[in-house]
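Encoded as structure tokens, the structure appears first; notes follow it.
The values are calculated or read from the model by the stated rules, or taken from the named source; none is laboratory data. Only a predicted model underlies this, so the values are computations on that prediction, with no experimental measurement involved. Glycine also receives a Cβ, built like all others from the backbone with ideal geometry; neighbour counts cover every protein chain displayed. Remember, those area values only see protein heavy atoms, side chains included, never the ligands or the DNA or RNA. Shrake-Rupley method; radii C 1.70, N 1.55, O 1.52, S 1.80 Å.
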Amino acid sequence: LQAEERLRKLSSQVPGGLFQIVRQEGGVYSVPYVSIGLRNLYGLSDADDPFDYRAYRDKTHPQDRVRLLQSMRLSGERMQAWDMEFRIVAGDGREKWLRVNAAPEKIDGGIIWHGYTNDISARKKNEMEIEKLAFYDPLTSLPNRRLFLERTAQSLQRCREQNHSGALIFIDLDNFKTLNDTHGHDVGDEYLVQVARRLGNCVRPHDTVARIGGDEFVVIVEETSKERSAATPIAIMTANKILGTLREEFE
């Protein structure tokens, strides 16, 4: 009892949360120990059972849930540290980035992880801001020249590996300097934002629209076709779609 009380007092001062998770050979999970800090990180309510594994699994972000389980399973198979970053949607609805670091140990009938979880939301926010400044155009939020070159190289590699053709469409806006000179840079900036939005609506989710200069945009059309004869009409159709949307009036 004294040891438990000491552990409770110590863990309450840790800025993250301590836990133990057990996975039985049949795939059943249980939580023999969890600190108050971890309960607070997940925002568990009175209705949540802090020793029920599902209370934590269900709060994992849907896009990270499978990846988290796979990394935990791999840790158990290799008996190596379980260390990864993932998102949760806490009990209050806020999205958080967490990092888990735990050591697996074999026990009768399964594996137990002894670990620690902390909130890294502030660091992830800073990282994403730095990435945005480095790889995205601040005005239109499109990929900049640097990211465009990276994605072009990746696209070329995929085309080689999968024997696909792609297309590269270059867009240069005529008389943009005249627009800036006669109506002011604020109007010119708004025009570029609207152009970026229209270009984004002309392509598929896995295609890329980038701003590589003041009035220069590029579209990477991924995987048009394995046949060159079919790839060319798809590229022309996309280009005509872009021309059509840019011919419409701008506010």
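Here segment 1-143 is assigned +1 on the Cβ of each Lys and Arg and -1 on the Cβ of each Asp and Glu. Its dipole about the Cα centre then comes out at about 140 debye. In angstrom, the C-alpha Rg and Dmax of segment 42-90 are 12.0, 37. In segment 94-214, the inverse of the mean reciprocal separation of distinct Cα atoms equals 18.6 Å; this is its Kirkwood hydrodynamic radius.
Across segment 1-99, the mean sequence separation of Cα contacts (distance under 8 Å, 6 or more residues apart), normalised by length, yields a relative contact order of 20 percent.
Among the helices of the chain, those built from whole DSSP H runs whose Cα atoms reach 18 Å or more along their own axis and whose mean Kyte-Doolittle hydropathy is at least -0.5 are 228-247.
Segment 14-121: which GluC sites (Glu not before Pro) are DSSP loop and have at most 12 other beta-carbon atoms within 10 angstrom? Sparse-neighbourhood loop GluC sites (Glu not before Pro): Glu25. Taking a spot 7 Å from the Cα of Arg57 along the direction of its beta carbon, which residues of segment 96-120 have an amide N less than 16 Å from it? Only 111-113 pass the distance filter.
Distant-in-sequence amide contacts of Ile212, defined by a placed amide H-H separation under 5 Å and a gap of 5 or more residues or a different chain, comprise Phe217, Val218. The residues of the chain expose on average 61 square angstrom of accessible surface per residue, using a 1.4 Å probe on protein heavy atoms.
For the chain, the residue among Ile242, Asn180, Val100 whose Cα projects farthest onto the positive side of the dipole built from Cβ charges is Val100. The charge dipole of segment 140-211, taken about its Cα centre with unit charges on the Cβ atoms of Lys, Arg (+1), Asp and Glu (-1) only, comes to about 400 debye. Taking the Cα centre of segment 17-83 as origin and assigning +1 to Lys and Arg Cβ atoms and -1 to Asp and Glu Cβ atoms, the resulting dipole is close to 220 debye.
Among the protein heavy atoms of the chain, carbon and sulfur supply 51% of the accessible surface, probe 1.4 Å, non-protein parts ignored. Against the set (1) 68; (2) 53; (3) 57, the structure's computed percent of Cα pairs over 22 Å apart falls on (1). Across q = 0.15, 0.19 Å⁻¹, segment 1-85 modelled as identical point scatterers on its alpha-carbon atoms has Debye log10 I(q)/I(0) values of -0.64, -1.01, in the order of the q list. Measuring against 31 Å, Cα to Cα, the residue pairs Lys59/Lys226; Lys132/Lys241; Lys132/Lys177 contain Lys59/Lys226 as the ones spanning a longer distance.
Per-residue 3J(HN,Hα) values for segment 87-99, derived from phi via the Karplus relation 6.51 cos²θ - 1.76 cosθ + 1.60 with θ = phi - 60°, read 10, 10, 10, 5, x, 8, x, 7, 8, 10, 9, 10, 10 Hz in sequence order (x marks Gly and Pro).
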